[in-house]
Amino acid sequence: MATGEYVAFLVLSLFAISGSVMMLNVTKVVHMILSLVVTFLSIACLYVLLLAEFVAVVQVLVYSGAIVIMLLFGIMLTDHTDQASAFSTWFKRLIIIGSLVVFATVIYMGVAPLNLDVVNVDFHENNTEQIGLMLYTYYIIPFELVSILLLVALVGAIVVAKKPNKEEER
């Protein structure tokens, strides 16, 4: 019997897997990043199914937002030229299909012997509030240090990526 959660899980899993496979098969870098966004957003929706709303929001904000924007800026700020692959297309696809078969076999062998009895677990009612209280009371210093470290990394990336003008070279 297929419940709504089961169908949603199957659809979102299909989106995550197809986005990942598409990221490996497309040739343009921007299309790869868009495929990565599809994968990140479907994983965030899977977190919502698991009742982890805070992790889903962080997934969307950090990965789908910040990391993808950083990748796009990295691509735009560097000299990027498309180069032909040394492998032929059929050989590349054969390696991808073989890797997928091995991965699926390993996952099946790991999951098949599990005993998945249904156990009622009381989830935290306000998990986002509890995470926020812990983060901004006990871990405020590491949180602020990480934000300063990210700011320094951003400024360093801009300095490294900046091309000197002809007037500055003189």
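Observations, loosely collected:
- Some residue of region 1-13 being under 22 Å from residue 70 (Cα atoms) and surrounded by 12 or more Cβ atoms within 10 Å (Cβ to Cβ): no
- Any hit, region 21-43, residues being within 22 Å of residue 93 (Cβ to Cβ), touching a helix residue (DSSP H, G or I) at 6+ places or on another chain (Cβ under 8 Å) and either of a type in the set (Lys, Arg) or not in a helix (DSSP H, G or I) (or both): yes
- Filtered residue count, region 47-74, keeping only those that are closer than 15 Å to residue 20 by Cα and not aromatic (Phe, Trp, Tyr): 2
Bear in mind that the values in this text are calculations on the coordinates, not laboratory data. Everything numeric here is computed off the predicted structure, so don't read it as measured data. Note that each Cβ is placed from the backbone with ideal geometry, even for glycine, and that neighbours are counted across all protein chains shown.
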